[in-house]
1. Out of everything in the stretch A:1-34 that is within 11 Å of chain B (Cβ to nearest Cβ) and of a type in the set (Ser, Thr, Tyr), what residue ends up being surrounded by the fewest Cβ atoms within 10 Å (Cβ to Cβ)?
2. State whether one or more residues within the stretch A:35-43 are touching a residue at least 24 places away in the same chain (Cβ under 8 Å), in contact with a Phe, Trp or Tyr (Cβ under 7 Å, 6 or more places away or on another chain) and surrounded by 15 or more Cβ atoms within 10 Å (Cβ to Cβ).
3. Condition first: farther than 28 Å from B:ALA66 by Cα and within 14 Å of chain B (Cβ to nearest Cβ). Now tell me which residues in the stretch A:90-109 satisfy that.
4. Within the stretch A:116-133, is even one residue under 14 Å from the mean Cα position of the chain (by Cα), of a type outside the set (Phe, Trp, Tyr) and within 12 Å of another protein chain (Cβ to nearest Cβ)?
5. Checking the structure you have, find out if any residue of the stretch B:1-16 is within 14 Å of the chain's Cα centre (by Cα), touching a residue at least 12 places away in the same chain (Cβ under 8 Å) and either in a helix (DSSP H, G or I) or within 9 Å of chain A (Cβ to nearest Cβ) (or both).
6. Which numbered condition in (1) among the hydroxyl-bearing types (Ser, Thr, Tyr); (2) more than 14 Å from chain B (Cβ to nearest Cβ); (3) buried (at least 20 other Cβ atoms within 10 Å of the Cβ) is the only one that A:SER113 fails?
7. Among the candidates A:VAL67, A:VAL63, single out the residue that is more than 20 Å from B:LEU54 (Cα to Cα), crowded, with 20+ Cβ neighbours inside 10 Å, modelled with pLDDT of 95 or more and in contact with a Ser or Thr (Cβ under 6 Å, 6 or more places away or on another chain).
Amino acid sequence: MTGLPAEKEFPKKISSLPDIFLFLDDSLGKVSPDRTLLHLFSLAVEEFFTNMVKYSPEGTRDVRVRVSEEGGMAVVTLVDRDVQPFDVTAAATPDTTLPIEMRRPGGLGIHLSRELLDAVEYRYEDRCSTITLKKRPGP
Amino acid sequence: MSTFSITKLDNGDLAIVGWFDASHADEAAAVLDTLSGTTRVDLKELEYISSMGLGLLLKAQKRLTASGHSLILANTTKMVRDVFKIARFDLIFKIEE
């Protein structure tokens, strides 16, 4: 597929988000013109990237984001280097049926990512945390 | 793409427009924290919302509900509607289509 895989590194800070979204828009547009794909991946990438910013601050290297197309599926990976293992994908599913007084926003983004994408995977190897996200574009 | 605005309209509604991500959290919280009564939130031009945006709406709803008021979420786009459905916002907000 022309222009894919695409890969870019982003400073590990929240202000990188607009540039990440632009990169996803450009790259995922080569997989499918359907902006639904961009919305779903943006939600998941934002969630996991912000978790890297918050919970793996010891890693000072930029986060690598890669977009590819494999077997008809769009695939986005985030690689956080020189960090301790932290499998954020293993977070418990929040109880979304609780009354408002008991609702907490924590864990909602990971829950949404699991529900909206076809796969959310975590791997730790050589001091690198890699999160792989997959989604088959709609018809 | 990262265009975002949150604005109090003359009719009393609140309009949230564009791409509501974590980089706009402070701007959004500054406006949501000023609400003191039941407020209709017009989302017809909201293209994207992340968990950060959901969390801010939830926080505002909890605060307003405690004083007998609420947010009413109106005119959702498909992306936003799908996210609200999974987050079960229908259980804690009035949602106008």
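The values are calculated or read from the model by the stated rules, or taken from the named source; none is laboratory data. Given the structure is predicted, the values throughout are model-derived calculations rather than measurements. Here the Cβ is made from the backbone with ideal geometry for all residues, glycine too, and neighbour counts use every protein chain on show.
1. A:SER15
2. no
3. The initial filter retains those residues of the stretch A:90-109 that are farther than 28 Å from B:ALA66 by Cα, namely A:90-91.
Residue satisfying the conditions is A:ALA91 alone.
4. Of the residues in the stretch A:116-133, the ones under 14 Å from the mean Cα position of the chain (by Cα) are A:116-123, A:129-133.
The next check asks that each one be of a type outside the set (Phe, Trp, Tyr); those that pass are A:116-121, A:123, A:129-133.
If we keep only those that are within 12 Å of another protein chain (Cβ to nearest Cβ) too, we end up with A:116-117.
Checked against the condition, which is being under 14 Å from the mean Cα position of the chain (by Cα), of a type outside the set (Phe, Trp, Tyr) and within 12 Å of another protein chain (Cβ to nearest Cβ), the stretch A:116-133 yields at least one hit.
5. no
6. If we test A:SER113 against (1) among the hydroxyl-bearing types (Ser, Thr, Tyr); (2) more than 14 Å from chain B (Cβ to nearest Cβ); (3) buried (at least 20 other Cβ atoms within 10 Å of the Cβ), just (2) comes out false.
7. Answer to the check: A:VAL67.
Per-residue answers, yes or no, for (1) among the small types (Gly, Ala, Ser); (2) in contact with a helix residue (DSSP H, G or I) (Cβ under 8 Å, 6 or more places away or on another chain); (3) part of a helix (DSSP H, G or I); (4) without any contact (Cβ under 8 Å) to a residue 12 or more places away in the chain:
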{"position": "A:PHE86", "(1), (2), (3), (4)": "no, yes, no, no"}
{"position": "A:THR89", "(1), (2), (3), (4)": "no, yes, yes, no"}
{"position": "A:THR93", "(1), (2), (3), (4)": "no, yes, no, no"}
{"position": "A:LEU98", "(1), (2), (3), (4)": "no, no, no, yes"}
{"position": "A:GLU101", "(1), (2), (3), (4)": "no, yes, yes, yes"}
{"position": "A:PRO105", "(1), (2), (3), (4)": "no, yes, no, yes"}
{"position": "A:HIS111", "(1), (2), (3), (4)": "no, yes, yes, no"}
